[in-house]
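All remarks here apply to the structure that follows.
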Amino acid sequence: MVDMDKMVSLCKRRGFIFQSSEIYGGTGSCWDYGPLGVELKNNVKRAWWRDNVQNRADMVGLDASILMHSRVWQASGHLDHFTDPMVDCRACQRRFRSDQLDDDLWVHFCDATKGNKFSIPGGEVCKHCGKKRTLCPACGKGELTEPRQFNLMFKTFMGPVEDDAAVTYLRPETAQGIFVNFDNVVQSMRLKLPFGIAQIGKAFRNEITPGNFTFRSREFEQMEIEFFVMPGTDEEWHQKWIDERFAWYPKYGMRKENLRLREHDKDELAHYAKRTADIEYLFPMGWSELEGIANRTDFDLKQHAQFSGKALDYFDEESKQKIVPYVIEPSAGADRGTLAFLVDAYREEEVRGEKRVVLNFHPELAPVKIAVLPLLKKNERIVETARKLTAELRKRWYTVYDDTASIGRLYRRQDEVGTPFCVTVDVQTVGDEKAPADEKVTIRDRNTMQQVRVAFSSVEIVIAKLMDGHWDEIYRDSDWAG
Ligand code: ATP
């Protein structure tokens, strides 16, 4: 498993993810996606949208605004309940979530070893003096304050007057935009239960301890589904969604052994939830939540109906009665998902005595699909042919052209950003005074490093097949495999 520092450094070096406002010293809590990162994250979001919205007859999409009426957050319970318990160190002033204090290593100056400094796994006792952590986990010296509840919502003002009447919040989840639009969507689309409304969008949380790269940031993107069902069928639908979402990540190449489900204990459930199961991923810092799938019951629709005075119910033709649907919510993070796909794809291999770093992305997620590489950049015919081919392929797949290094370096560069296929144009392709052009190019597979020689005219058809995972078939049938 790749460690997080290595991942952060690769992401910066190869244009995936940069620290926000880096030239000003950066913020530890927000991240910017670079040229390859934005492609990767867009591909994750696109795959999610296609599978969960466009390919299902029972789902529609929505894009609600980030700023909403402030009453929304009263009704949803976020103003009262969306808090984390915060403690401060009296010596170093650092802040911690008191419910997570046992998750990290703690710094301990041990009396039994003349004050030597140790880092001890959270929750464990010191082997030398038998003490458990009571002081600050970071400096090991200060007492911690009593926990205080801290609301995670970012407060701001709508309009030019900064008074209480103008207070509003940046949404801490996209879900509420779906609930308040329930009636609009049902009426305009004539939906019948069960059906879902999906949304991808930014959410903001003033996390007490952001960290672990993009895993916990203060600005992030969610991919959420609110799936409305008949009360009484909710438990069955909940289980279906847990199974469905759990199978989604391996569909795009994530290793099953790095995924697990974790059921929330009763005392851990959010104020609206009847049951919640998390999909966890084995990140470099350990098993952590990738997606939460909650049974939110009829809590949200009822609350908004009560606070807004507008009915948010559904007329059931069969029983001729108005009912308030129950809702199942699979709530995934686009950034956490992207990070998990990155970590999962990372491989270090040894090839002919040299280290090779590969991002083994599923072709659907890979930021760049094809790199066209001319074998000799001084040969005009090769360069012209390679450029023409790039322009052709680019119409269908994100394709780049690179002639800034030797072929070995170019391959390594593409491996490191996870480009599934490289196409090389060489002297044989265009011909020279010794031999006529064979009008074929070489396609190289990132994972196996095998190569096939393919006629220029069939490159597009072959690549379409390769994108669908048919390398072995093409390799077997190829007239030239080297
Ligand atoms: P955690 O316990 O890690 O704080 P949570 O249980 O509060 O997360 P949810 O409210 O269930 O998270 O949010 C749904 C999803 O949104 C999470 O599974 C995660 O993928 C994403 N998410 C939540 N908070 C953050 C954050 N601060 N940074 C990045 N992604 C986040």
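The values are calculated or read from the model by the stated rules, or taken from the named source; none is laboratory data. Since the model is a prediction, treat every value here as computed from it, not as a measurement. With ideal geometry, Cβ positions are generated from the backbone for all residues, glycine too; neighbour counts draw on all protein chains shown.
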| message | Given the condition within 16 Å of the ligand (Cβ to nearest atom) and either under 19 Å from the mean Cα position of the chain (by Cα) or among the small types (Gly, Ala, Ser) (or both), answer yes or no: does some residue in the range 293-307 qualify? | response | yes
| said: When you scan the range 107-118, do you find a residue that is in a strand (DSSP E or B), exposed (fewer than 13 other Cβ atoms within 10 Å of the Cβ) and either among the aliphatic types (A, V, I, L, M) or outside the structural domain of PHE220 (by TED's automatic domain parsing) (or both), even just one? | reply: yes
| Which one of VAL423, VAL430 is surrounded by 15 or more Cβ atoms within 10 Å (Cβ to Cβ) and more than 25 Å from ASN360 (Cβ to Cβ)? | VAL430
| message | Would you confirm, using the coordinates I've provided, whether ASP80 is modelled with pLDDT under 95 and surrounded by fewer than 15 Cβ atoms within 10 Å (Cβ to Cβ)? | response | yes
| remark: GLU349 passes all but one of the listed conditions (1) within 16 Å of the ligand (Cβ to nearest atom); (2) of a type outside the set (A, V, I, L, M); (3) over 30 Å from VAL180 (Cα atoms); the exception is number (1)
| said: Being of a type in the set (A, V, I, L, M, F, W, C) and either assigned by TED's automatic domain parsing to the domain that holds GLN100 or not in a loop (DSSP other than H, G, I, E, B) (or both) is the filter here; which residues of the range 67-81 pass it? | reply: LEU67, VAL72, TRP73, ALA75, LEU79
| Subset tally (residues that are in a helix (DSSP H, G or I) and either acidic (Asp, Glu) or touching a Gly at 6+ places or on another chain (Cβ under 6 Å) (or both)) for the range 1-56 | 8
| field | Selection within the range 297-343 - out of contact with any Pro (no Cβ under 7 Å at 6 or more places or on another chain) and in a strand (DSSP E or B) | value | THR297, PHE315, ASP316, GLN321, LYS322, VAL327, ILE328, GLU329, PRO330, SER331, ALA332, GLY333
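For every residue, the table says whether it meets (1) more than 29 Å from the chain's Cα centre (by Cα); (2) without any contact (Cβ under 8 Å) to a residue 12 or more places away in the chain.
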site	(1), (2)
LYS395	no, yes
ALA405	yes, yes
GLY408	yes, yes
GLU416	no, no
PHE421	no, no
GLN428	yes, no
PRO436	yes, yes
| said: Residues that are among the hydrophobic types (A, V, I, L, M, F, W, C) and closer than 26 Å to PRO35 by Cβ: list the helices (runs of 4 or more DSSP H) wholly contained in the range 380-482 that include at least 3 such residues. | reply: 380-394, 459-467
| query | Where in the range 146-246 are the strands (runs of 3 or more DSSP E), entirely inside, with at least 1 residues that are within 12 Å of the ligand (Cβ to nearest atom), in contact with a helix residue (DSSP H, G or I) (Cβ under 6 Å, 6 or more places away or on another chain) and in the same structural domain as ALA277 (by TED's automatic domain parsing)? | reply | 195-204, 219-229
| request: Mind listing whichever residues of the range 90-106 are out of contact with any strand residue (DSSP E or B) (no Cβ under 6 Å at 6 or more places or on another chain) and hydrophobic (A, V, I, L, M, F, W, C)? | output: ALA91, CYS92, LEU101
| Going by the conditions given, is LYS132 within 16 Å of the ligand (Cβ to nearest atom), among the basic types (Lys, Arg) and not in a helix (DSSP H, G or I)? | no
| Within the group ARG262, ARG255, which residue is closer than 29 Å to SER76 by Cβ and either assigned by TED's automatic domain parsing to the domain that holds GLU221 or more than 14 Å from the ligand (Cβ to nearest atom) (or both)? | ARG262
| request: Output the residues belonging to the range 27-55 that are surrounded by fewer than 15 Cβ atoms within 10 Å (Cβ to Cβ) and basic (Lys, Arg). | output: ARG46, ARG50
| field | Pairs where the first residue, in the range 320-345, is buried (at least 23 other Cβ atoms within 10 Å of the Cβ) and the second is basic (Lys, Arg), C-beta under 7 Å, 6+ apart | value | VAL327/ARG296; GLU329/ARG296; PRO330/ARG245; THR338/LYS41; ASP344/ARG255
